[in-house]
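The structure appears right after this line, and notes come after that.
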Amino acid sequence: MAKKRSVSSGGHRRNPAESTSGRVNSASGHSKFVVFFILSSMIATVIYRFRQSSPSQHQQSYVYEQGLVTTHANYQHVLSENSKVSDNTSQRHYKYPVLGYITPWNSRGYELAKRFNSKFTHISPVWYDLKSQQTNLALEGRHNADRGWISELRKTGEALILPRVVLEASPAVLLGKEKQRNKAINLIVTECKEMGYDGIVLESWSRWAAYGVLHDPNMRNLALQFVKQLGDALHSISSEKISGQKLQLVYVIGPPSSEKLQEHDFGPKDLETLSEAVDGFSLMTYDFSNPHNPGPNAPLKWIQIVLQLLLGTSGNRGRSLPPRILLGINFYGNDFSLSRGAGGGGAIIGRDYLALLEKHRPELQWDKNSGEHFFFYTDDKDIRHAVFYPSLKSISLRLEEARSWGCGISIWEIGQGLDYFFDLL
Ligand SMILES: *[C@@H]1O[C@H](CO)[C@@H](O)[C@H](O)[C@H]1NC(C)=O
């Protein structure tokens, strides 16, 4: 897949297996996508005109009232306003599902989840790995789980709590044998029951792609069947907290690497296959650029093309599908170094961004093509940098795009953003 991140702190992926998958796929994926990108932009623009977005919900947000959601952003305003939000933080401005990821290595996310609890329908702390140990399977990560925080969240809001489970286990061990598949599902379901979770977010497709098993039609089919079986197992269990509610499965998918889908791409047919078993698809529409190809994190037109690829053909039968797509929105940015061979730099989070603004007082520029703000600065060693970090305007455009499709959103990750971003949700 073209848009995998090989860096760490900001990212979804942080272990060596993860970054390998990124490198393997990125070289071939990127160039194809660029051509495809140009060809498709015109079509996407036309389609976009036919859909409308309603600005009506915006009235009561502090950030709209203050005129901060604008392409003419400047560093002074960001510095003075970023921690201000509407008095009423329980009011939701986005009507479709909103999933927020939280990572144990950034405690700010835990605090923001409590403070903006009502803005979310789903909260996903990144806690678990399902691993193979020789021929056995083990679910690791309970030590990350914070029961006190969970019970505080339960008291103040209704967001479902779905910890993320990454399937690290070798697919040869897991998918090939029915007994192992059942064991894996049993481990996950038991953990949900014991800890009182509302379900899980499963990340496995990128692993299976990295292992190369998706090229084998038989293994690819087993992979889909596994997800289906897990979804069915979770749906057979009632939530302890909410009567009438079943446990949920959210499944993480990457954006297709090109218009002509490859075996490792998760495509519209796969969406259909899993549509009953999966309650939400967390779509990783970010990391379009990387240190070797510096640029915007998630160009708006690319997002439109990806949504068109996944949802454009679904027609009438697809009415229930759009709210299950959780369009990925990044709350982190990138600081790329541009001079001399480049290839440097990587993810930054809110506090890094604010520190750069304070130090360099840059002119924020709006890139109309991608719908993102960015700025340049020169560091102490005389190396030039380009910084792309989300702004109220860039996020609001992505929310409008998702709204026009009737899609939900997923945010990676909430602790990396600025407080006033939550006023948009
Ligand atoms: C805040 O907004 C929520 C949701 O719209 C509403 O129910 C609540 O009454 C509001 N609280 C205040 C203090 O206005």
Looking at Tyr96, Tyr128, Tyr110, can you tell me which residue is away from the ligand (no atom under 16 Å from the Cβ), hydroxyl-bearing (Ser, Thr, Tyr), buried (at least 18 other Cβ atoms within 10 Å of the Cβ) and under 30 Å from Met219 (Cα atoms)?
Tyr128
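Is it the case that Gly231 is modelled with pLDDT under 95 and either in a helix (DSSP H, G or I) or surrounded by fewer than 23 Cβ atoms within 10 Å (Cβ to Cβ) (or both)? Can you show your working first?
Numbers: modelled with pLDDT under 95: no; either in a helix (DSSP H, G or I) or surrounded by fewer than 23 Cβ atoms within 10 Å (Cβ to Cβ) (or both): yes.
It is false that Gly231 is modelled with pLDDT under 95 and either in a helix (DSSP H, G or I) or surrounded by fewer than 23 Cβ atoms within 10 Å (Cβ to Cβ) (or both).
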Tell me yes or no: at least one residue of region 54-62 is more than 16 Å from the ligand (Cβ to nearest atom), under 21 Å from Trp412 (Cβ atoms) and either crowded, with 20+ Cβ neighbours inside 10 Å or not aliphatic (A, V, I, L, M) (or both).
no
Only one of (1) under 21 Å from His72 (Cα atoms); (2) at pLDDT below 95 does not apply to Gly344, and that is (1)
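Okay, residues lined up against (1) at pLDDT below 95; (2) of a type in the set (Gly, Ala, Ser); (3) closer than 30 Å to Gln91 by Cβ:
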{"residue": "Leu174", "(1), (2), (3)": "yes, no, no"}
{"residue": "Glu178", "(1), (2), (3)": "yes, no, no"}
{"residue": "Ile185", "(1), (2), (3)": "no, no, no"}
{"residue": "Asp198", "(1), (2), (3)": "no, no, yes"}
{"residue": "Leu202", "(1), (2), (3)": "no, no, no"}
How about region 145-217: which helices (runs of 4 or more DSSP H) wholly inside it have at least 2 residues that are within 24 Å of the chain's Cα centre (by Cα) and of a type outside the set (Lys, Arg)?
147-156, 178-195, 205-211
Per the list (1) in contact with a Gly (Cβ under 7 Å, 6 or more places away or on another chain); (2) under 20 Å from Arg154 (Cβ atoms), residue check on Val126 breaks on (1)
Please count how many residues of region 131-176 are surrounded by fewer than 13 Cβ atoms within 10 Å (Cβ to Cβ) and basic (Lys, Arg).
3
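So if I check each of His143, His77, His72, which one is free of Cβ contacts under 8 Å to residues at least 24 places away in the same chain, away from the ligand (no atom under 16 Å from the Cβ), under 30 Å from Glu358 (Cα atoms) and not aliphatic (A, V, I, L, M)? Explain how you work it out, then say what you get.
Details: His143 fails: under 30 Å from Glu358 (Cα atoms); His72 fails: free of Cβ contacts under 8 Å to residues at least 24 places away in the same chain.
When all the criteria are applied, what remains is His77.
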Those residues of region 226-240 which are within 23 Å of the chain's Cα centre (by Cα) and either among the charged types (D, E, K, R) or closer than 17 Å to Leu214 by Cβ (or both), in sequence order:
Phe226, Val227, Lys228
Kindly indicate the residue of region 372-391 that is of a type outside the set (Phe, Trp, Tyr) and assigned to a strand (DSSP E or B) and also farthest from Val78 (Cα to Cα) among those meeting that condition.
Arg384
Output the residue which, of all residues in region 80-93 that are in a loop (DSSP other than H, G, I, E, B) and more than 13 Å from the ligand (Cβ to nearest atom), is surrounded by the most Cβ atoms within 10 Å (Cβ to Cβ).
Asn82
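For (1) among the aromatic types (Phe, Trp, Tyr); (2) within 15 Å of Glu259 (Cβ to Cβ); (3) assigned to a helix (DSSP H, G or I), each residue gets a yes or a no:
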residue: Phe281; (1), (2), (3): yes, no, no
residue: Thr285; (1), (2), (3): no, no, no
residue: Lys301; (1), (2), (3): no, yes, yes
residue: Ile305; (1), (2), (3): no, yes, yes
residue: Leu309; (1), (2), (3): no, yes, yes
residue: Thr313; (1), (2), (3): no, yes, no
residue: Pro323; (1), (2), (3): no, no, yes
residue: Ile329; (1), (2), (3): no, no, no
residue: Phe336; (1), (2), (3): yes, no, no
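The values are calculated or read from the model by the stated rules, or taken from the named source; none is laboratory data. For clarity, every value in this text was computed on a predicted model and none was experimentally measured. Cβ sites come from the backbone with ideal geometry, for glycine too, and all protein chains shown count toward neighbours.
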